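Down below is the structure, laid out as C-alpha cells.
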Amino acid sequence: CSQYARGVFAIFGMYDKRSVHTLTSFCGALHISLITPSFPTEGESQFVLQLRPSLRGALLSLLDHYEWKKFVFLYDTDRGEFDLRLVCKIGYHYVLANLGFKDIALDRFMHGGANVTGFQIVDYSKPIVTKFMQRWKKLDQREFPGTDNAQLKYTSALTYDGILVMAEAFRYLRRQRIDISRKGNAGDCLANPAAPWIQGIDTERALKQVRIQGLTGNVQFDNYGRRTNFTIDVLELKNTGHRKIGYWNDVDKLVLIQNEMLFPNDSSALENRTVYVTTILEGPYVMLKKNHDTMEGNDRYEGYCVDLASEIAKHIGIKYELKIVPDGKYGARDPETKIWNGMVGELVYGRAQIGVAPLTITLVREEVIDFSKPFMSLGISIMIKKPQKSKPGVFSFLDPLAYEIWMCIVFAYIGVSVVLFLVSRFSPYEWHTEEPEDGQDSPPSDQPPNEFGIFNSLWFSLGAFMQQGCDISPRSLSGRIVGGVWWFFTLIIISSYTANLAAFLTVERMVSPIESAEDLSKQTEIAYGTLDSGSTKEFFRRSKIAVYEKMWAYMKSAEPSVFTKTTAEGVARVRKSKGKFAFLLESTMNEYIEQRKPCDTMKVGGNLDSKGYGVATPKSSPLRVPVNLAVLKLSEQGILDKLKNKWWYDKGECGAKDSGSKDKTSALSLSNVAGVFYILVGGLGLAMLVALVEFCYKSRAEAKRMKLTFSEAMRNKARLSITGSVGENGRVLTPDCPKAVHTVPTIRQNPGLAIVASDLP
C-alpha cells in the first residue's frame, strides 16, 4: 500500500507460489497492472501480463510426437538443475520443461548416451539479440555486474522485453493524450472497500495492445494477459552440442526440421550400433513369411527391399533392424499441422536412420531428407480389371474387312454386272448371229445371239470375284475393259482380305475400355483414384497439365472417395468393381500385381511420368554417402536387376512376362469359321429349294403342253431325274406319244415353207 500511495503506474517483478495469489488479488482490486516474467498462472487475472509463455501446448505436442504412453514428469522450480546428473542412464529420454535449454550447463552429459530434449525461447542468431549482446558486453562491469557473461539467460531477456512493453504502452497513451496522472483520482489502498485507480483500466488496455519484437521473439498478449503468437525452438542435446530439431507455435503447432547427423563424423561410431531401417509392408518389397510367427527380427520378412537392405548393410558394414512404419504410409506433410507422416516422418523425426522401401524421390521429400541414386525407375500407370476375351462370332471371317467395305463390294458387284450387261448390249461385237447364204435360211443355233444377258453378267462378275472364272468371256473391247478393271479390283480386295484373315482368326482379343489417361478423363462411367498419401496423389495435385488437372478435380470431389489407404485396398477395389474402377499406381507395383493370382488385373497405356525409388536417410546423415555408393555398386554388378527378376517374374503366378498381353495367338476353333459352314449349308439348301421350284415349274409347263395332268407330268419328270431315260429325239415317252410316232425330213418347196408328212395309225 505504501508503494501504491506513492503513485506507481504499474508493478514489474517476480512472484512465487506463496505470493502469487496475494499479488494478483491486490492488483485486481486497485487496477494496477502487474508485468511479470514469472511462471504463468492458471487463473484469469485481468491486470496481470505474463511475459513467460505457457509450455503446455509445446510439451503436449512433443509428447504426442514421441508417442509416449507412459512417462514420469519431474519438476522442481528451485532445484531443477540439481537432478540433471541422473540423466546419464543410456536409453532414457528426458524433456526439460523450461524455456532456457541453453542456459543449463549440460557439457558433462553430452556423451552419456541419454536423449535430452528441451525448449529455447531466445534465438541467439536473430539480429536483435546479436545487437543487444554487443551493447551488453560494452557496459562497465563495475557499474553493471554480470555483463561478462557470454550467454544471456531467458529470464533476463523476458525482463528486458517487459521494460520495452511498458515503454511502448506509455508512448501509446501519450499519443492518445490520455491523462494517467495520479492527481485527485489515485485511489486509496486503505479504504474499505479499497478505491481503485480510475485510469488503471486505460493503462491495462494499452499494455495488452502492445506488439513488439523483443529478445524473446514476437511479444503480444491476448485479453487475459497471456503471451500469444510466439515461437519456441525445440532442441536436443547431442555429443556435438545443442541442435535445433524444430519449433512450436500456436498456428503450426510442432514442426520438426530435424537436420542433425545420426552419428558423429568418425566412422568408428558406426561400429556396434544397430541402425533402424524403416519400411512398409508392400508386396513384393516387404512381406511377412508364412511362418513369421515362429521367427524373430529381420527373419520374419522377405521381399525385394529385404534383400536390398541386406546387400546395402553388407557393403556398409552395419547392423540393422527392420521397422515397419506404424501408420502404413509412405510419407506426406499435413497441410494443417505441418507434420510429416509415414516413413518420411520416421526419418525426419529421428525414429529411423535409413528408409529402404518403394519410396519415390520427390522435391518436397528431398527438402527434409536425403535420397540415394534411384535403385528402380518407374512411372505412374493405370490398373484396370482384365476384360473378358471377346468370343469370336460365327461370321468372324468377315472381320478382316469393315462392314462398309463389304457393302461397297456388294454394290460394286451389282454395278459392274449391270455395266457389263449394258456395254454387251450396245457393242455389236457381242452379237454373233450368222448371215444366211443366198437362197438359204439361217442355220439353227443352240447359242443365244448375245451371251451376256443380265444373269450371265452377274455370273461372270461372281466367278471373277471368287477367282474361279467362267465359260464365257467378253468379245468386245468395252466388255474386256469392264472385265479387266473388275479383275484388278478383285485382286486387291482378295489380297487384302487374305492378309488380314489369318491374324483375325488366330488371335484372341481383349477389348479394353481404357487405353490412356485421356480416355479416363473423358468419361465418367469408370471411377479412378490413387493412394491417399503418397507421391502419386501429389503428382496430380501439383500437375499443371490440363488432362491431369481435370483428373485431379474429379478425384478430390468424387463421392464416395476414390482415395485408398493402402495399395492392397486399391487393388481389391479394382477386382470387385467389375471394370468400373481404375487404380493409378506405380508401374512396378502394377506389373507385380498383374503377375499374381487370380491374374485378373492388367496395366493399360504408357506411364504418366518418369521417376525413381531411392534409399532415404536423414538430412546430413553420415550414412548418406556409403548408402549411395552401395546402391551404385549393386546397380553396376547387376544385382538390382537380378532382384527384380527374382521377385517379379521368377516368382510370378500368371505365366511368362508377356502373358498379360491383350492379343494371344491360338489355334483355329470351330467358332472361328462356323459362319463358313452356315453359308455352305444355306447355299446347298437354297440350291435344293430352287431346284424344286424349277422342277415344279417345268412339270406344270409340260403338263399344259402335253395335255397331261400335273401329277403325271411330275411322275415323268421324276422318272427322268432318277433314271435319266429319255424318248426318241430327246422327248420323254408318254402314253399320249407312242413309240410308233416318228417324223420325216422336211420337203423344202419355197423359202420359209415346209410340208410335213407322217404316218398316222
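The values are calculated or read from the model by the stated rules, or taken from the named source; none is laboratory data. Because the structure is a prediction, the values reported are computed rather than measured. Here Cβ is always computed from backbone atoms with ideal geometry, including for glycine, and neighbour counts include all displayed protein chains.
Just to be sure, is Val344 within 30 Å of Phe583 (Cβ to Cβ), out of contact with any Leu (no Cβ under 8 Å at 6 or more places or on another chain) and outside the structural domain of Tyr548 (by the TED database)? It is false that Val344 is within 30 Å of Phe583 (Cβ to Cβ), out of contact with any Leu (no Cβ under 8 Å at 6 or more places or on another chain) and outside the structural domain of Tyr548 (by the TED database). Restricting attention to the range 515-557, and to residues there that are more than 26 Å from Ile339 (Cα to Cα) and of a type in the set (Gly, Ala, Ser), which single residue is surrounded by the fewest Cβ atoms within 10 Å (Cβ to Cβ)? Per the criteria, the residue is Ala546. Residues in the range 595-633 that are surrounded by fewer than 20 Cβ atoms within 10 Å (Cβ to Cβ) and more than 30 Å from Asp519 (Cα to Cα): Lys619, Ser620, Pro622, Val625, Pro626, Asn628, Leu629, Leu632, Lys633.
Please work out if Ser621 is of a type outside the set (Asp, Glu) and under 17 Å from the mean Cα position of the chain (by Cα). Walk me through how you get there before you give the answer.
Values: of a type outside the set (Asp, Glu): yes; under 17 Å from the mean Cα position of the chain (by Cα): no.
The answer is no for Ser621.
Each residue in the range 333-348 was checked for being touching a residue at least 60 places away in the same chain (Cβ under 8 Å) and either farther than 20 Å from Thr360 by Cβ or surrounded by 21 or more Cβ atoms within 10 Å (Cβ to Cβ) (or both), and 9 pass. Listed by first and then second residue, the pairs with beta-carbon distance under 6 Å, at least 6 apart or on different chains, first residue in the range 139-151 and on the phi < 0 side of the Ramachandran plot and modelled with pLDDT of 70 or more, second of a type outside the set (A, V, I, L, M, F, W, C) and in a loop (DSSP other than H, G, I, E, B), are Leu139/Thr147; Gln141/Thr147; Gln141/Asp148. Filtering the range 334-359 to residues that are modelled with pLDDT of 90 or more and among the β-branched types (Val, Ile, Thr) leaves Val344, Ile354, Val356. Checking the structure you have, find out if any residue of the range 356-364 is more than 28 Å from Met602 (Cβ to Cβ) and either outside the structural domain of Thr279 (by the TED database) or surrounded by fewer than 16 Cβ atoms within 10 Å (Cβ to Cβ) (or both). Yes: one or more hits. None of Leu608, Leu640 is of a type in the set (A, V, I, L, M) and at pLDDT 90 or above except Leu640.
Which one of these is modelled with pLDDT of 80 or more, more than 30 Å from Ile212 (Cα to Cα) and crowded, with 18+ Cβ neighbours inside 10 Å: Val165, Val116, Val87?
Answer to the check: Val116.
Residues in the range 571-592 that are among the basic types (Lys, Arg) and either closer than 13 Å to Gly529 by Cβ or assigned to a strand (DSSP E or B) (or both): Arg573, Lys580. Could you please find all residues in the range 571-594 being polar (S, T, N, Q) and either within 25 Å of Lys646 (Cβ to Cβ) or surrounded by 16 or more Cβ atoms within 10 Å (Cβ to Cβ) (or both)? Scanning the range 571-594 gives Ser587, Thr588, Asn590. Here's a check for you: in the range 611-637, which residue that is modelled with pLDDT under 90 and hydroxyl-bearing (Ser, Thr, Tyr) is nearest to Met287 (Cα to Cα)? Among those that are modelled with pLDDT under 90 and hydroxyl-bearing (Ser, Thr, Tyr), it is Ser621. Screening the range 20-38 for residues that are in contact (Cβ under 8 Å) with a residue 60 or more places away in the chain and over 18 Å from Ser54 (Cα atoms) and picking the one that is surrounded by the fewest Cβ atoms within 10 Å (Cβ to Cβ) gives Ala29.
Yes or no: the range 408-423 includes at least one residue that is more than 30 Å from Tyr276 (Cβ to Cβ), in contact with a Gly (Cβ under 6 Å, 6 or more places away or on another chain) and part of a loop (DSSP other than H, G, I, E, B). Scanning the range 408-423, I find no residue that is more than 30 Å from Tyr276 (Cβ to Cβ), in contact with a Gly (Cβ under 6 Å, 6 or more places away or on another chain) and part of a loop (DSSP other than H, G, I, E, B), so the answer is no. Residues that are in contact with a strand residue (DSSP E or B) (Cβ under 8 Å, 6 or more places away or on another chain) and part of a loop (DSSP other than H, G, I, E, B) within the range 521-557 comprise Ile526, Thr530, Asp532, Gly534, listed in sequence order. Going through the range 248-260 one residue at a time, which ones are modelled with pLDDT under 85 and surrounded by 20 or more Cβ atoms within 10 Å (Cβ to Cβ)? Those that are modelled with pLDDT under 85 and surrounded by 20 or more Cβ atoms within 10 Å (Cβ to Cβ): Leu254, Leu256, Gln258. Taking residues in the range 691-703 that are within 10 Å of Lys717 (Cβ to Cβ), and partners anywhere that are among the aliphatic types (A, V, I, L, M) and not in a helix (DSSP H, G or I), the pairs with Cβ atoms closer than 9 Å and at least 6 places apart or on different chains are Glu702/Leu708; Glu702/Val732.
Quick check, is Lys17 of a type in the set (Lys, Arg), loosely packed, with under 13 Cβ neighbours inside 10 Å, assigned by the TED database to the domain that holds Gly200 and modelled with pLDDT under 75? Yes; evaluated as a whole, the condition is true for this residue.
Which helices (runs of 4 or more DSSP H) does the range 277-383 wholly contain that include 2 or more residues that are in contact with an Asp or Glu (Cβ under 9 Å, 6 or more places away or on another chain) and farther than 18 Å from Arg624 by Cβ? Don't jump to the end; show me each part of the working.
Numbers: elements: 304-316, 342-348, 363-366.
Here the list reads 342-348.
In this structure, Pro560 does not qualify as in contact with a helix residue (DSSP H, G or I) (Cβ under 8 Å, 6 or more places away or on another chain), more than 17 Å from Asp519 (Cβ to Cβ) and not in a helix (DSSP H, G or I). Looking for something assigned to a helix (DSSP H, G or I) and either modelled with pLDDT of 80 or more or farther than 26 Å from Met166 by Cα (or both) - is there at least one such residue anywhere in the range 34-47? The answer is no, given that none of the residues of the range 34-47 is assigned to a helix (DSSP H, G or I) and either modelled with pLDDT of 80 or more or farther than 26 Å from Met166 by Cα (or both).
Ala157 meets the conditions (1) surrounded by 10 or more Cβ atoms within 10 Å (Cβ to Cβ); (2) outside the structural domain of Thr203 (by the TED database); (3) at pLDDT 75 or above in every case but one. The failed one is (2).
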